[in-house]
Amino acid sequence: MGPRSLKAKNTNENTTSSIVRREKVPDQARRNPPPFLKKAPEEEEEEGEEEEEEEEEEEGEEEEEEETEEGEEEYKEEDEDLCRERSWGDILGTYLPSTDPIIVENAQCRSDVDAFLRVVTDYKLLALVIAQEGSSLWPLKCINNEGATTTLQQQQAVQDLQHNIQERHQARMGSLHSVSPLPLVSYGTCMPSSCTPSDLLVSIEAVLGNYSSDLTVDCHTKDEIKWLNAGDVVFIVFLGIIGSVLLFATIADVYINFYNKQQLRKGPLRFLLVFSVSMNLNKIFHINLKEGPHVISCLHGIRAMSMIWVVWGHSYFIDFRATVNLAYATQLTDNVFEQTIMGGNFSVDSFFLMSGLLVTYGVLKEYKRANKINWLKYYIHRYVRLTPPILLTGAATATIARFALVGPEAGQVERSVVDVCREYWWHDILYISNLPNIMKICLPQCWYVCVDLQLYLVAPLVLIPLLYKPKIGMIWMGVVTIIAMMIPMIIMGVYSIPGTLVFDHPAVEPKAYVDVYGKPWCRAGVYLVGMWGGMFLHHYKDRHLKLKMWQAVVGWLVAATLALLVVYGIADYNTLVNYKPITLGVGITFEVLGRMAWGIALLWVIVACHKGYGGPINTFLAHPSWQPLSRLTFSMYLVAFVVQSLYVGVIYTPMYFNHLNQFIQTCGMLFISGIIAVIVSLISEGPIIGLEKILLGS
């Protein structure tokens, strides 16, 4: 609650941090301070006399100031007066439970709060204590439209976010009693451990009166003990067993290499050696300086950069819930750099494109080599390759992840991440989590994996005609491509869904994500672009693609133009500043043709780089240093989103949103996620790939 020297005799030593969440609270005039904070008339008269004396002394000095300085001072005084007027009614009345027995029935809580208020008789000190100790997540400060903060010399202060985005949300966020421009607003406070969430909740409702709406209070107690449950024990035992296997396998691998007994690798010991940490680490970080001519080396850089783009973009969305300068953050959406980050929406299309390309290229290559395709192995390989990392990440999230949650947002994050994972974990390993309810899945990022696998399952319907009757197969693939473009158009037109923009009307956005963004029949277009690319590259696998210089230049210019138009062409709709709703026609064009255009632009980059027309771009994308990160991309994709979500549940200080902070945080998230991804790969990727090769062949 506060420093130990300020603790009263009746207050408990432990304190409870609370996060108050509010949705859709109407505008209301400022209220008077709660009864237990009102001063006696004598105190008010004394303060009034002191204020009059101070004003008379300052009159002479103020008259000598220049007009510009007077204007600035007047502005500051009005700002401070605004905070003072709102402070005790809007802050203390909602940051501490009431001492009124009619409002709060908990006698011990009332006693502890009353004792605290009696000890801290200096209201300035009280505000300072609450500002420093009480608001562990949201500081009690005035925040203007430019994002600057005013502490008012550590006196009364109030969070006051006012920004002009009512065009989008038909509301603005002012003081505590205003409507939030975001779906959820939260602030932190601190109260005696004898108080319960309901004590604070009824106190807030009493302050808001008839204007209160949906309020929830999450409490986090200092030094809270979390006990192991059955799921935690099972997962810890599993980690112990797998850790022992990794240890014995590594010892065996080192022994074989040290004594040069390579013949042991061909016996039953080979099943154990696939778990060797040293061997799998070497596979992850091995850099092949001379890859074969049939290896599409530029995919390493594209895959790694797309992963970075995903993590960077997620940091902007996830951190909004813990950002204190929301007014300033909204202003950042109206610049080129922000649009570049928000363009990470298309990084997923990059993965769909590469997946379709590699599947087609690999199947055609295998059919040419063996003159047949083992379709059973085709399906088993994909499921075995994807499932273990997902299962491991989901199990860790549903069990031991909650022990890392120690901050004031811990309760909310645990319910939205950990508890949901416990209930819906099986959706992810069946790859149906994007079908029944895309908003309620264990690992939200797995929607992409589900869509990718679902497209992989039906890809043979396009590939089989291409294998046996290439000309008919190409016609059929063209028909399927047109159908794949028409389906999202029809769905969006019938249900009036104007695309899946990053910033959109809250009533439309969930429906867009459920009906369009996460459905395989709406994302098949760019996957088919990749399949066309895989067929083209296989056709020219052993041939030289002859292009004249002007043709290569035109190809690069067209690709660059398409990419720039897709990322920056919707900037007017993809912002919170002077936002204008997107029309249905523009939304459909962006959703369908925009994603196809992005796929075509990226496909040119891949083809040009692989066939010798990439120049310095290919040198950069195909650089061997990308290879380790490229191999960890899948594990990092699974891990990074979980790490970013849990981070919100462990922070104790407010987050100030700006591009530099987000860049630094993204670098840290990539580093931490990379380390965890290596562990996930050593446990669930490397060994499984090794076992698959032993049991099913290369």
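The values are calculated or read from the model by the stated rules, or taken from the named source; none is laboratory data. These figures come from a predicted structure and were not determined experimentally. For neighbour counting, all protein chains shown are included, and Cβ atoms are generated from backbone atoms with ideal geometry for every residue, glycine included.
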Give me a count of the residues in the stretch 621-644 that are assigned to a helix (DSSP H, G or I), among the small types (Gly, Ala, Ser) and either buried (at least 21 other Cβ atoms within 10 Å of the Cβ) or not assigned by TED's automatic domain parsing to the domain that holds VAL449 (or both). 2
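To keep it simple, each residue is scored yes or no on (1) polar (S, T, N, Q); (2) out of contact with any helix residue (DSSP H, G or I) (no Cβ under 8 Å at 6 or more places or on another chain); (3) modelled with pLDDT under 85.
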| site | (1), (2), (3) |
| --- | --- |
| ILE472 | no, no, no |
| VAL479 | no, yes, no |
| PRO488 | no, no, no |
| ILE491 | no, no, no |
| VAL502 | no, no, yes |
| LYS511 | no, yes, yes |
| VAL514 | no, yes, yes |
| LEU528 | no, no, no |
| VAL558 | no, no, no |
Matching residues in the stretch 282-303 - criterion: being over 15 Å from ASN618 (Cα atoms) and in contact with a helix residue (DSSP H, G or I) (Cβ under 7 Å, 6 or more places away or on another chain): LYS283, ILE284, PHE285, ILE287, ASN288
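Report yes if some residue within the stretch 327-345 is touching a strand residue (DSSP E or B) at 6+ places or on another chain (Cβ under 8 Å) and within 21 Å of SER645 (Cβ to Cβ); otherwise report no. Lay out the reasoning, then the answer.
In the first step, residues of the stretch 327-345 are kept if they are touching a strand residue (DSSP E or B) at 6+ places or on another chain (Cβ under 8 Å); the result is 327-329.
Then keep just the ones that are within 21 Å of SER645 (Cβ to Cβ); that gives 329.
So far as the stretch 327-345 goes, yes, one or more of its residues are touching a strand residue (DSSP E or B) at 6+ places or on another chain (Cβ under 8 Å) and within 21 Å of SER645 (Cβ to Cβ).
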Could you please give the count of residues in the stretch 536-551 that are among the aromatic types (Phe, Trp, Tyr), in contact (Cβ under 8 Å) with a residue 24 or more places away in the chain and in a helix (DSSP H, G or I)? 1
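Which ones in the stretch 396-455 are among the aromatic types (Phe, Trp, Tyr), under 20 Å from ASP515 (Cβ atoms) and in a helix (DSSP H, G or I)?
Residues of the stretch 396-455 among the aromatic types (Phe, Trp, Tyr): 403, 424-426, 431, 447-448.
Add one more test, that the residue is under 20 Å from ASP515 (Cβ atoms), and what stays is 424, 431, 447-448.
Answer for the stretch 396-455, where residues must be among the aromatic types (Phe, Trp, Tyr), under 20 Å from ASP515 (Cβ atoms) and in a helix (DSSP H, G or I): TYR424, TRP447, TYR448.
GLU338: under 25 Å from ILE651 (Cα atoms) and among the charged types (D, E, K, R), yes or no?
On the way: under 25 Å from ILE651 (Cα atoms): yes; among the charged types (D, E, K, R): yes.
Taking the combined requirement at face value, the residue satisfies it.
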Condition first: modelled with pLDDT under 75 and either under 24 Å from ALA327 (Cβ atoms) or assigned to a helix (DSSP H, G or I) (or both). Can you find one or more residues in the stretch 250-257 that meet it? no
All-but-one check, GLY614 against (1) assigned to a helix (DSSP H, G or I); (2) farther than 30 Å from VAL324 by Cβ, failing number (1)
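Restricting attention to the stretch 516-534, does a residue exist that is surrounded by 19 or more Cβ atoms within 10 Å (Cβ to Cβ) and assigned to a loop (DSSP other than H, G, I, E, B)? Please lay out each step first, then the result.
Taking the stretch 516-534 and keeping what is surrounded by 19 or more Cβ atoms within 10 Å (Cβ to Cβ), we get 516-520, 522-534.
The next check asks that each one be assigned to a loop (DSSP other than H, G, I, E, B); those that pass are 518-519.
Yes, that holds for at least one residue.
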Determine the pairs where a residue that is on the phi < 0 side of the Ramachandran plot, located within the stretch 468-480, has a partner that is surrounded by 12 or more Cβ atoms within 10 Å (Cβ to Cβ) and among the β-branched types (Val, Ile, Thr) with Cβ atoms under 9 Å apart, the partner being 6 or more residues away or on another chain. GLY473/VAL462; GLY473/ILE464; TRP476/VAL462; MET477/VAL462; VAL480/VAL462
Hey, among LEU281, LEU299, which residue is outside the structural domain of LEU603 (by TED's automatic domain parsing), touching a residue at least 12 places away in the same chain (Cβ under 8 Å) and assigned to a helix (DSSP H, G or I)? LEU281
Any residue that is buried (at least 20 other Cβ atoms within 10 Å of the Cβ) and within 19 Å of TRP447 (Cβ to Cβ) - is there at least one of those in the stretch 322-339? no
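Only one of LEU602, LEU593, LEU621 is in contact with a helix residue (DSSP H, G or I) (Cβ under 9 Å, 6 or more places away or on another chain) and at pLDDT below 95; which?
On the way: LEU602 fails: at pLDDT below 95; LEU621 fails: at pLDDT below 95.
Within the list LEU602, LEU593, LEU621, the selection yields LEU593.
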May I ask you to list pairs of residues, at least six apart or on different chains, whose Cβ atoms are under 6 Å apart, with the first in the stretch 612-639 being within 26 Å of SER684 (Cβ to Cβ) and the second being outside any helix (DSSP H, G or I)? PRO624/ILE287; PRO624/LEU289; GLN627/ILE287
Just for the stretch 647-661: of the residues that are buried (at least 22 other Cβ atoms within 10 Å of the Cβ) and assigned to a helix (DSSP H, G or I), which one is modelled with the highest pLDDT? TYR647
